[in-house]
1. Grab the Cα-Cα distance for residue 272 and residue 377, subtract it from 0.36 nm times how many residues apart they are, and report the gain in nm with one decimal.
2. Taking the alpha-carbon distance from residue 593 and a cut-off under 17 Å, which aspartates and glutamates remain once sequence neighbours fewer than 8 residues away in the same chain are dropped?
3. Please give the contour-minus-distance gain from residue 127 to residue 365: 0.36 nm per residue of separation, less the Cα-Cα distance, rounded to one decimal in nm.
4. Mind giving me the nanometre distance, one decimal, between the label points for residue 650 and residue 427, set 7 Å out from Cα along Cα→Cβ?
5. Could you give the nm distance between label points at residue 31 and residue 202, where each point is 7 Å from its Cα heading toward the beta carbon?
6. Along Cα→Cβ, 7 Å out, is where each label goes; now give me the distance between the ones at residue 171 and residue 392 in nm to one decimal.
7. Work out the FRET efficiency for residue 8 and residue 457 from their Cβ-Cβ distance, taking R0 = 45 Å, and round it to the nearest 0.05.
8. Ordered by packing density, taken as the mean number of other Cβ atoms within 10 Å over each peptide's residues, highest first, how do 414-425, 324-335 rank?
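No value in this document is a laboratory result; all are computed from the given coordinates. All values derive from a computational prediction rather than experimental measurement. FYI the Cβ positions are ideal-geometry reconstructions off the backbone, even for glycines, and counts take in every protein chain you see.
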Amino acid sequence: MKPFNPKTYFREHFSARIFLTFSILIIIVSLAFTVFFFRYQSRSLTERTENQGELLARMLAYNARLGAFAENAELLNAPISGILEDREVLSAAVFSADGKLLASQRRSGNGSSPSPDSWDAGIGETLKKPASFAHLRDNGNFVCWTRIVLRANVAPEDAIYFNALPAKDSEQVIGYAKVVLDGQTLQESLHSLLFDSVLIGLAFLAIGLVIAYLIAKRVTKPLKKLTEGVNALGRGGEYNTITVKTGDEIGNLAGAFNSMVDSLKKRAAEKKELEEQLRHSQKMEAIGTLAGGVAHDFNNMLTAIIGFGTLLKIELTEQNKLGSYVDQILLAGEKAAALTHRLLAYSRKQLLNPQPVNLNDTVRSIEKMLIRLITEDIDLKLCLEAADPVVEADSGQLDHVLINLVTNARDAMPHGGTLTIATGVVALDDDFVKQYPEKKGGAYAVVKVSDNGIGMSEEIREKIFDPFFTTKEVGKGTGLGLSMTYGIIKQHNGIIEVDTEVGRGTSISIYLPLVNQVMKNQDRKTDAVARGKAETILVAEDDPAVMGFLKEILEMNGYNVIEATNGEDAVQKFILNKEIIRLVLLDVIMPRKNGKQVYEEIVGIKPDIKTLFMSGYTRDVINRKDALDKGISLITKPVQPDELMMKLKETLES
């Protein structure tokens, strides 16, 4: 056990210093009060004893006038005996004017009492002064002297006979009275007084110490709470506001501490939310990395599967029962391609074609499709903004977003209800968007999809954008719909908010930055794709299966094909056949030279050459390798034969 060190203790404890200061002050006050009280009371007792002695001496002098005048001891015994009846009187005596003892008595049984027979030679001179009374001390006892006088009224004409002053009372000193009071009684009273004074002082000290303790505790209690709060902050533990009901500096300090705690709690909540967003982003990045890692090879395989499956279907007659098998192969390939696109969209690595899009037109264009998605007991309502909101987006991706949201809303209303799609324009302030990294306040277009279905709990709401998370039965959902939606919106630099409550439905709001651009009406081409006219196309593809499909489908549609297995091979074969080559179909990422490098070399040779790129890699890989300039035509794998033919025709005719 650590030994107690008073110096260290008082240095470390503010309450102890306050208590010690008040204690010292109270001790000083208590001592001063005790001394003052004792001295005042002792003076009062002494004056009382002196006054008592003076009164008794005057009584003796008055009653002994006749005996002193006649100098008769018998006449003096009675007055002296009357004085001795007072318990404090030890002895009494009467002396003549010339100092002769006329009579004296001493209290019986008190052999230690002073003798009353002693005469003070100077008493006569003392009593000639204006004061007619004298106090003396004899071994602690009080000796009281007074004169015995006779008074007579003398007429002026008779004054000469009485040896008196005329025109006033004449006094004649005929003796002296002496009374001795017991000083022991006074000493006992003083001792009792001292004891009482000490008790009163101690009581005052005790009360003062209690008050000092309460004051120190009252002063230091809020400081202790502040200290505990600060220590909790220092340890990184839980911290709460403190309650201090004072309006002084300590109360102000506590108020400032509470404000700091509130601010820290708010920051901690924001930090926790940001950490959740970071973890969510990390999960998205992990899935995106996985998806991006397999996308190229998977898309090449799907291109070969779908391509050769399409060729096989073309060769089969309608009566051949193998056609149904091919249809199942193509359907599975298309589902696999859609799954890949969803993964890439979730990870925000899907290639986009952003253009000014009118949100109202987007909603109207897929309204009929959405009606077919929902059941008859669900009422679809559109509430579109009067002023058409325009955003920079990929319209196809927005279609996917709306389809996914409507599908989830439909599943949340198994017994029917109302599904509302609303568009609008809002101004988001910085306080709203600061919870989303890299977002800024300003004008946003909003699309809100709301239902009055079963709603979601908070636990489910926090997981709805996680990949492969679903509340549906096995086989009825992949868990990628909302995660794909999340990825698409983030890829469009947008914000997605979910407002839901169990039993009250769900509302999902999508905010996209508003742009000020005039929309142009563009009619989609619906003409059938024409076959080629024996144009020669240089195809550069490093995957043999994909190359086999491309060569077969192009030649089947009337094109001549020159094959190149890598970038250098493509440049060499273009140099040899530059006069007859009308279009170059280049894979973006190839061995030796990538598509961009090949493109730059052949454009240097033949500036007007038509070029079409294709790739199975994700957008981040293409951007990281700087393999594609902005504005270059690109078709993504897996390549659909019809889509490829249409893109070739558009490129050749551009």
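1. 33.6 nm
2. 541, 542, 543, 563, 568, 569, 601, 626, 629
3. 72.0 nm
4. About 3.9 nm, to one decimal.
5. The two pseudo-label positions are separated by 1.8 nm.
6. Each label point lies 7 Å from its Cα, and together they span 12.6 nm.
7. Computed FRET efficiency for residue 8 and residue 457 comes out at 0.20.
8. Result, highest mean first: 414-425, 324-335.
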